[in-house]
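The values are calculated or read from the model by the stated rules, or taken from the named source; none is laboratory data. Only a predicted model underlies this, so the values are computations on that prediction, with no experimental measurement involved. When we count neighbours, we look across all protein chains shown, and the Cβ atoms used for this are built from the backbone with ideal geometry, even at glycine. To get the accessible areas, we keep the full protein, side chains included, count just its heavy atoms, and leave off ligands, DNA and RNA. Shrake-Rupley method; radii C 1.70, N 1.55, O 1.52, S 1.80 Å.
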Amino acid sequence: MRVQSSQELQAMLGNLRAPDGVMSRLIDEAAIQDMQDSMAVGPADMTTDPAKCRDLLKAGELVDYRIPTAAAVLGPQANMSVIMASSDDSGYFWQGMYSIDKVLGYCTEVTISSGNQYVHSSLTRLNLDLHGSKSFTYVTTITGSGSPIHVLRMVTMSGNLFVTGVHPLPDARPTDAVIRELSSYVNAIVDHAGDPVPTTPATKQPTPPQTGNSA
């Protein structure tokens, strides 16, 4: 599969529909960059315990400004899913997928520090088969000085297509309905990656929700 442009990825994501039939809303490029910044794990002085998890967490976020990427949101502002698709044949995201595998093996409990700030990242892997050649589903819980942040994350790859879906949770136990909905979005992108590109774009959504900052 050839590398797809950001515009082609936008058209794919713009064809998604929520269960109630409402179309997805594309996130503009500036907001995608903001989202990538928030997803990137920590500033330059960040350290982790265990120390080996620092680089694994960073690589596992699958974000890079140089790689064609599109993103969209589905659902109401307070409970929306974010779907992101990237096309990369450089091998960088492929290596990132194996970093996620290592994170889920060795970094399920990590203390992240920067300056005098400390947060704890806890990952719980879920048994779910997504479409694609390699995939992961897990819940991230970030605890610090404020209320815990819980996020369901699904990641899959098919050729040079990498699809990530995230959904905020009220606690660390996603319902079956949430799992079915998010997986349907992720699988739809993989299943229709080879279809003719639709020409009608979805309505743009400038502000993505907070998605936490751990792989």
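Given the whole protein assembly as supplied and a 1.4 Å probe, what does the accessible area of residue 109 come to in Å², nearest 10?
So the heavy atoms of residue 109 present about 100 Å² to solvent.
Over the Cα atoms of region 55-145, what Rg and Dmax result, in angstrom?
14.8, 42
Over the C-alpha atoms of the chain, what are the Rg and the largest Cα-to-Cα span, Dmax, in Å?
16.3, 51
Along the positive direction of the dipole of the chain (beta-carbon charges: Lys, Arg +1; Asp, Glu -1; about the Cα centre), which of 177, 154, 11 reaches farthest?
177
Per-residue counts of other Cβ atoms within 10 Å, averaged by peptide: what ranking do you get for 173-181, 146-154, highest first? Numbers along the way, then the final one.
Details: 173-181: 13.4, 146-154: 18.4.
By packing density, highest mean first, the sequence is 146-154, 173-181.
Would you kindly work out the equivalent ellipsoid of region 12-117 from its C-alpha gyration tensor and give its semi-axes, the square roots of five times the eigenvalues, largest first in whole Å? Kindly include the intermediate steps, with their values, before the conclusion.
Numbers: eigenvalues 161, 54, 38 Å².
Value: 28, 16, 14 Å, ordered largest first.
Using only Cα atoms and rounding to the nearest 10 degrees, what angle (0 to 90) does helix 92-106 make with the longest principal axis of the chain?
Compared with the principal axis, the helix lies near 40 degrees.
Just flag the chymotrypsin sites (Phe, Trp or Tyr not before Pro) in region 56-119 sitting in loop per DSSP whose Cβ has no more than 15 other Cβ atoms within 10 Å. List each step's numbers first, then the result.
Working: sites: 65, 92, 93, 94, 98, 106, 118; in loops: 65.
When the chymotrypsin sites (Phe, Trp or Tyr not before Pro) of region 56-119 are filtered for loop state and at most 15 Cβ neighbours within 10 Å, 65 remain.
Treating the beta-carbon of each Lys and Arg as +1 and of each Asp and Glu as -1, no other charges, what is the dipole magnitude of the chain about its Cα centre, to the nearest 20 debye? All intermediate terms of the calculation are to be shown ahead of the outcome.
Details: 14 positive and 21 negative charges, 37 e Å.
That gives a dipole near 180 debye.
At q = 0.19, 0.20, 0.26 Å⁻¹, work out log10 I(q)/I(0) for region 94-162 with the Debye formula, treating every Cα as an identical point scatterer and leaving solvent out; two decimals please.
These q points yield log10 I(q)/I(0) values of -0.80, -0.86, -1.16.
Could you work out the local net charge near residue 161, counting Lys and Arg as +1, Asp and Glu as -1, over the other residues with Cβ closer than 13 Å to its Cβ?
Working: positive: 2, 134; negative: 8, 88, 89, 191, 195.
Result for the local shell: -3.
Among 96, 194, 60, determine the one that fluctuates most according to a GNM of the chain built with springs between C-alpha atoms less than 10 Å apart.
Result for the chain, Cα springs under 10 Å: 194 fluctuates most.
Only helical DSSP H runs with n ≥ 4 go in: add -39500 (n - 2.57) per run for the chain, normalise by residue count and round the 222 nm mean residue ellipticity to 500 deg cm²/dmol. Provide the component values of the computation, followed by the final result.
Details: 5 runs with 57 residues, N = 215.
That comes out to -8000 deg cm²/dmol.
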